[in-house]
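Enquirer: Supplied in structure tokens, the structure appears directly below.
The values are calculated or read from the model by the stated rules, or taken from the named source; none is laboratory data. Everything numeric here is computed off the predicted structure, so don't read it as measured data. We place every Cβ from the backbone using ideal geometry, glycine too, and count neighbours over all the protein chains shown.
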Amino acid sequence: MKAAGIALPLLALAAGPALAGAQKYEPLAASVQAALHAAVSDHRPPLSSFQTPMEAVDWLEDMSARIARRLPDRKTRLDFLRTVHYEAKRAGLDPQLVLALIQVESGFKKYAVSSAGARGYMQVMPFWVGLIGTGSDNLFHLRTNLRYGCTILKHYLEIEKGDLFRALGRYNGSLGQPGYPEAVRAAWQRQWLYDPDAKSRTTRQGQSGKP
């Protein structure tokens, strides 16, 4: 998925309050509800979502430097980034897009609660627990929150046939309004884009001592 998928002007994302909204409750077909329930209820042990150990080192090192100010504890930061990468890839999403969404939704605050009651990093509305989860699901738990958030965003992308602008609007409860999709896209392009090929070239050049 590429940022160019949203045909919007690139806007600077000014520092300020997170733009947390609220997904709207919409009745789901039984088959869709069952599929989403299966997606959030999969308790298989997570495997590495990176293709190689070097890819993991490069991505985690790069993203860790970008997020250190917001999550100063290194262990917490790396656990967070590994979980974002795993849950995003599991759902078929770009991990950098998910980081941008988290930045805009909650400002990377684990226990954020919006005025509408949305919770956690990805600001998931509690009604989703009753709709597709189990009563014991804790939306402030790192993996649970990211599992729900990524599953919901993927669901909205499928509803909107890949239209990220509209999917983000649904996610935020502001369908048709440009502010939220533009803010996520701006964060994605300005702060979270990642080129693994460029990173690999830089690593190889540093090892060889050649420019």
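Enquirer: Just give me the residues in the stretch 55-69 being closer than 17 Å to residue 89 by Cβ and in contact (Cβ under 8 Å) with a residue 40 or more places away in the chain, in sequence order. So that I can check it myself, show each step before the final result.
Expert: Filtering the stretch 55-69 down to residues closer than 17 Å to residue 89 by Cβ leaves 55-60, 62-63.
The answer is 55, 58, 59, 62, 63.
Enquirer: Would you confirm whether any residue within the stretch 195-209 is modelled with pLDDT of 85 or more and within 16 Å of the chain's Cα centre (by Cα)? Break it down stepwise before answering.
Expert: Of the residues in the stretch 195-209, the ones modelled with pLDDT of 85 or more are 195.
Keeping just the survivors that are within 16 Å of the chain's Cα centre (by Cα) gives none.
Checking the stretch 195-209: not a single residue is modelled with pLDDT of 85 or more and within 16 Å of the chain's Cα centre (by Cα).
Enquirer: Continuing with the same structure: Taking the stretch 119-140 as the region of interest, how many residues are over 21 Å from residue 32 (Cβ atoms), of a type outside the set (Ser, Thr, Tyr) and touching a residue at least 12 places away in the same chain (Cβ under 8 Å)?
Expert: Start the filter on the stretch 119-140 by keeping residues that are over 21 Å from residue 32 (Cβ atoms), which leaves 119-121, 123, 136, 138, 140.
From the residues that got through so far, the ones that are of a type outside the set (Ser, Thr, Tyr) too are 119-120, 123, 138, 140.
With touching a residue at least 12 places away in the same chain (Cβ under 8 Å) added as a condition, the list becomes 119-120, 123, 140.
Residues meeting the conditions: 4.
Enquirer: Looking at the stretch 115-161, which of the residues that are farther than 17 Å from residue 90 by Cβ and among the basic types (Lys, Arg) is surrounded by the fewest Cβ atoms within 10 Å (Cβ to Cβ)?
Expert: Restricting to residues being farther than 17 Å from residue 90 by Cβ and among the basic types (Lys, Arg), the top hit is 161.
Enquirer: Could you tell me whether the stretch 176-197 includes any residue that is under 30 Å from residue 57 (Cβ atoms) and free of Cβ contacts under 8 Å to residues at least 60 places away in the same chain? Steps first, please.
Expert: Quick first cut of the stretch 176-197, residues under 30 Å from residue 57 (Cβ atoms) only: 184-197.
Pick out the ones that are also free of Cβ contacts under 8 Å to residues at least 60 places away in the same chain and you get 195, 197.
Yes, there is a match, as at least one residue in the stretch 176-197 is under 30 Å from residue 57 (Cβ atoms) and free of Cβ contacts under 8 Å to residues at least 60 places away in the same chain.
Enquirer: Give me the helices (runs of 4 or more DSSP H) completely within the stretch 99-197, filtered to those with at least 2 residues that are hydroxyl-bearing (Ser, Thr, Tyr) and more than 25 Å from residue 27 (Cα to Cα), ordered by residue number.
Expert: On the way: elements: 127-132, 142-159, 164-172, 179-187.
Those helices (runs of 4 or more DSSP H) do not exist here; none qualify.
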